[in-house]
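Peer 1: Next up is a structure, given as structure tokens.
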Amino acid sequence: MRILVVEDEVQLADAIAEGLRLQSLAVDVVYDGEAALERLVVNQYDVCVLDRDIPRVHGDKVCEHIVATPGDVRVLMLTAAGSVIDRVGGLSLGADDYLTKPFAFAELVARVRALGRRSRPAAPPVLERAGIQLDTTRYEVVRDGRRISLSRKEFAVLEELLRAEGAPVTTEQLLERAWDENIDPFTGVVRVTVLNLRRKLGDPMVIETVTGLGYQIR
């Protein structure tokens, strides 16, 4: 899942981003509405965590842009104003959910994941294929009864491969879904991550290379 965090309080924005990355999510961060609109044109996001009161372009305008643009980006609006009128106002703009500051980070994660599930085809919380079970809520991976410890990126890549239900997933799709905009697409990071995944998952090898395309788990 790829997230855009738009928040002008730099420390809060960076803390939200780092916390979401610890949940195996790819996160980009901007600190004003103008930069948010630029990112939304360039990148495909599942969820936008959007502070309502941001400089340059107000959060309401960013939300209206997202709603008016074809796509499946879900909006979680943040605000320091907690009145019913403010919440109704934010939702009437087309925001999918609303969270008042200060908030519990666990609640933010739960809301982001719930919105992310709505932006993509429905998938069960536990993905299973080729003897592998991946629990997206507990962040656990088991193969043939053996528990496997994965890094955040390894977990994210394996989740994308399992979500594909046997279809090939391109290298570009893996970069888009599991990494943020700071990654250099020419570093071979996907290939290295897949090699590590194969080693940790053990034999028989289940992640196949699709020549000229990407990878798949049949």
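Peer 1: Taking the condition closer than 17 Å to L12 by Cα, open to solvent by 10 Å² or more (accessible area, probe 1.4 Å) and at pLDDT 95 or above, does P102 pass?
Peer 2: For P102, the condition - closer than 17 Å to L12 by Cα, open to solvent by 10 Å² or more (accessible area, probe 1.4 Å) and at pLDDT 95 or above - is not met.
Peer 1: Say whether the condition of being of a type outside the set (D, E, K, R), surrounded by 15 or more Cβ atoms within 10 Å (Cβ to Cβ), assigned to a helix (DSSP H, G or I) and in contact with a Leu (Cβ under 6 Å, 6 or more places away or on another chain) is met by at least one residue in region 161-171.
Peer 2: yes
Peer 1: Any chance region 77-91 includes a residue that's under 18 Å from E9 (Cα atoms), of a type in the set (D, E, K, R) and open to solvent by 10 Å² or more (accessible area, probe 1.4 Å)?
Peer 2: Within region 77-91 (the criterion being under 18 Å from E9 (Cα atoms), of a type in the set (D, E, K, R) and open to solvent by 10 Å² or more (accessible area, probe 1.4 Å)), the answer is no, since none of the residues qualifies.
Peer 1: Does R138 meet the test of being outside any strand (DSSP E or B), open to solvent by 40 Å² or more (accessible area, probe 1.4 Å) and at pLDDT 90 or above?
Peer 2: Criteria not met by R138.
Peer 1: Mind checking which residues of region 178-210 are in contact (Cβ under 8 Å) with a residue 40 or more places away in the chain, of a type in the set (G, A, S) and part of a loop (DSSP other than H, G, I, E, B)?
Peer 2: Hit for region 178-210 is G202, nothing else.
Peer 1: Moving on. Answer yes or no: is there a residue in region 42-51 that is open to solvent by 20 Å² or more (accessible area, probe 1.4 Å) and out of contact with any helix residue (DSSP H, G or I) (no Cβ under 8 Å at 6 or more places or on another chain).
Peer 2: For region 42-51, residues open to solvent by 20 Å² or more (accessible area, probe 1.4 Å) and out of contact with any helix residue (DSSP H, G or I) (no Cβ under 8 Å at 6 or more places or on another chain): present.
Peer 1: Could you check region 181-212 and list, in sequence order, the residues that are out of contact with any Lys or Arg (no Cβ under 7 Å at 6 or more places or on another chain), within 28 Å of V142 (Cβ to Cβ) and open to solvent by 30 Å² or more (accessible area, probe 1.4 Å)?
Peer 2: Matches in region 181-212: V189, R191, V192, L195, N196, R198, R199, K200, D203, P204, T209, V210.
The values are calculated or read from the model by the stated rules, or taken from the named source; none is laboratory data. These numbers come from a predicted model, not from an experiment. Quick reminder, even Gly has a Cβ in these numbers, built from the backbone with ideal geometry, and neighbours come from all protein chains shown. Accessible surface is based on the protein model in full, side chains and every heavy atom, while ligands, DNA and RNA are left aside. Shrake-Rupley method; radii C 1.70, N 1.55, O 1.52, S 1.80 Å.
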